[in-house]
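First comes the structure, then the notes that go with it.
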Amino acid sequence: MAKMDRNNREGIKGWLNPGRYGWERVSYWLQRLTGVGLLAYFVGHIYETSSLTQGPDAWAAMLELTQTSMGHLILLLVIGMSMYHSVNGIRLIFTHGGKGLGRPGRPDYPYDAVSLNYRQKSGIWIALILAAASMLYGASVLLGGE
Amino acid sequence: MTMLRESQIMKIHYITGIAALFVVAIHIMMRLIMPYNMSLEYENVIANYHNLPYVVLLESILVLIAIHGFNGLRVILLELRQSKAWEDGVTILTIAAMMAVVAYGTRTIIFANGLGFE
């Protein structure tokens, strides 16, 4: 039985199915997706800045590679991912501390979980709205021509 | 591989995440005190690396995000699959990657500061 349970694990497919848990599941995989994306950017950024040690020409060559339209688009995505990951992460810290989960009650039909309440949903929406706003501000700086 | 309890590791994860928010905010503001393109000119970037408080800030960003990021990756990988060998392997691999990234980033900071190539 234990072996069968292991075989039934859904893995990444289980993450990507938002059907069963609504916005909370979307927030769950966005938090992981943005986390992995930001880690990849972090490693790339460390590699990018290491060209400084080879002098001005190497730095200029690296900038030619990264300061392009595609480079700016990636940077905008990174700005949005950072904002979403940060705001949703703060929501999760409060949630793990038991804040905003509502009071436990008797499970009555239709068995809506009190923990999946408007406070949690508004936290997710605030994270999404701030991510969009930060991307707009980032676009004004990156593409503003300064 | 049970040097720390998962609850302690999650506290470290949250603390490094919150701390990283502050230091990264300062790092981004340093790009905005002058026109963005000018802030990326070689002389200006090197000047940042010669500023000791900023060097401390860069090193703290490096350490905080490496700990937070690679622990996050460890948590994701442990959610996908569970067995003793997998958990030990993931833990060792993420700690090794974290140390390699911190070492490589620190090397850049030291060299760009002038200790390595001037």
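The values are calculated or read from the model by the stated rules, or taken from the named source; none is laboratory data. Not measured: the values here are computed from a predicted model. Using ideal geometry, Cβ is built from the backbone for each residue, glycine included, and neighbour counts are taken over all protein chains shown. SASA here: full protein model, heavy atoms, side chains in, ligands and nucleic acids out. Shrake-Rupley method; radii C 1.70, N 1.55, O 1.52, S 1.80 Å.
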Requested in this report: Identify all residues within the range B:55-84 that are within 11 Å of chain A (Cβ to nearest Cβ) and acidic (Asp, Glu); write none if there are none.
Outcome: B:Glu79
Query raised in the report: For the range B:33-54, does any single residue satisfy the condition of being buried (at least 16 other Cβ atoms within 10 Å of the Cβ), of a type in the set (A, V, I, L, M, F, W, C) and more than 9 Å from chain A (Cβ to nearest Cβ)?
Result: no
Report task. Filter the range B:88-118 down to the residues that are open to solvent by 70 Å² or more (accessible area, probe 1.4 Å), part of a helix (DSSP H, G or I) and more than 8 Å from chain A (Cβ to nearest Cβ), then identify the one that is farthest from B:Thr16 (Cα to Cα). Result -> B:Ile110
Report summary line: Taking first residues from the range B:28-39 that are in a helix (DSSP H, G or I) and second residues anywhere that are open to solvent by 90 Å² or more (accessible area, probe 1.4 Å), the pairs with Cβ under 9 Å that are 6 or more apart or on different chains are B:Tyr36/A:Glu146; B:Asn37/A:Glu146; B:Met38/A:Glu146; B:Ser39/B:Ile33
**Report entry** Cβ pairs under 7 Å, 6+ apart, first in the range A:89-113 and closer than 17 Å to A:Gly123 by Cα and at pLDDT 85 or above, second in a helix (DSSP H, G or I) and among the hydrophobic types (A, V, I, L, M, F, W, C)
**Finding:** A:Arg91/A:Ala127
